[in-house]
Amino acid sequence: MSEAPAARPPVSPVVSLLTVSAVWEARLDTELRALGLTTRKYGLLAHIRSAPGISFSDLARRSQITVQTAHAAVHALVDAGFVSDATALAGAASVLRVTEAGMEVLRGADDMLRRLDAEFAASSPGLSAALGGVHEDPFTASQIP
């Protein structure tokens with residue numbers, strides 16, 4: 001006697017969103033690496049651009065990472081020539097700024113992201129519209145239609 005196949009569980013919107021996210025994150029990561037960035041470094045560089053002189057604590061808080069992780073990532077950005085730290089003294093507050101080379105790579109990354117956003121919106125207009133603004137406050141349920 002064979003048993004009847006189990007009913008298929010309902011599709012999980014969380015799993016679906018994670019699947020879509022993984023596909024697009026891989027695309028973003030591939031294109032950013034061609035510019036010498038990772039997704040995290042791009043985010044940090046964009047935060048520094050939007051708030052020149054930002055502290056490591058504020059940078060870490062905005063990026064939802066530890067201060068130690070922010071220090072390591074910014075050190076890599078300094079080594080790449082994308083960020084300058086005008087202070088760089090032990091115990092002194094840092095004054096982080098994006099260099100001209102950093103601005104150049106950000107312009108390339110911003111152009112690439114606009115292209116990927118347009119491609120995503122064209123392929124999934126409803127999802128694209130639903131996600132508009134969610135990154136500003138991802139934990140407020142009222143932000144998601």
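The values are calculated or read from the model by the stated rules, or taken from the named source; none is laboratory data. Given the structure is predicted, the values throughout are model-derived calculations rather than measurements. Positions of Cβ are backbone-derived with ideal geometry, glycine not excepted, and every protein chain shown enters the neighbour counts.
Before moving on, here are some points about what is shown:
- Ser142 more than 19 Å from the chain's Cα centre (by Cα), modelled with pLDDT under 90 and either in a loop (DSSP other than H, G, I, E, B) or on the phi < 0 side of the Ramachandran plot (or both): yes
- Criterion: modelled with pLDDT under 95, touching a helix residue (DSSP H, G or I) at 6+ places or on another chain (Cβ under 8 Å), of a type outside the set (Lys, Arg) and over 21 Å from Lys41 (Cα atoms) - qualifying residue of Ser84, Ser128: Ser128
- Remark: pairs (first residue in segment 125-142, more than 15 Å from Arg62 (Cα to Cα); second residue part of a helix (DSSP H, G or I) and at pLDDT 65 or above; Cβ separation under 7 Å; 6+ apart in sequence or on different chains) = Ser128/Phe120; Ser128/Ala121.
- Residue check for His71: surrounded by fewer than 17 Cβ atoms within 10 Å (Cβ to Cβ), at pLDDT below 95, within 19 Å of Arg97 (Cα to Cα) and in contact with a Phe, Trp or Tyr (Cβ under 9 Å, 6 or more places away or on another chain): yes
- Considering Arg115, Arg61, the condition of being modelled with pLDDT of 95 or more and either among the charged types (D, E, K, R) or touching a Ser or Thr at 6+ places or on another chain (Cβ under 8 Å) (or both) is satisfied by Arg115 alone.
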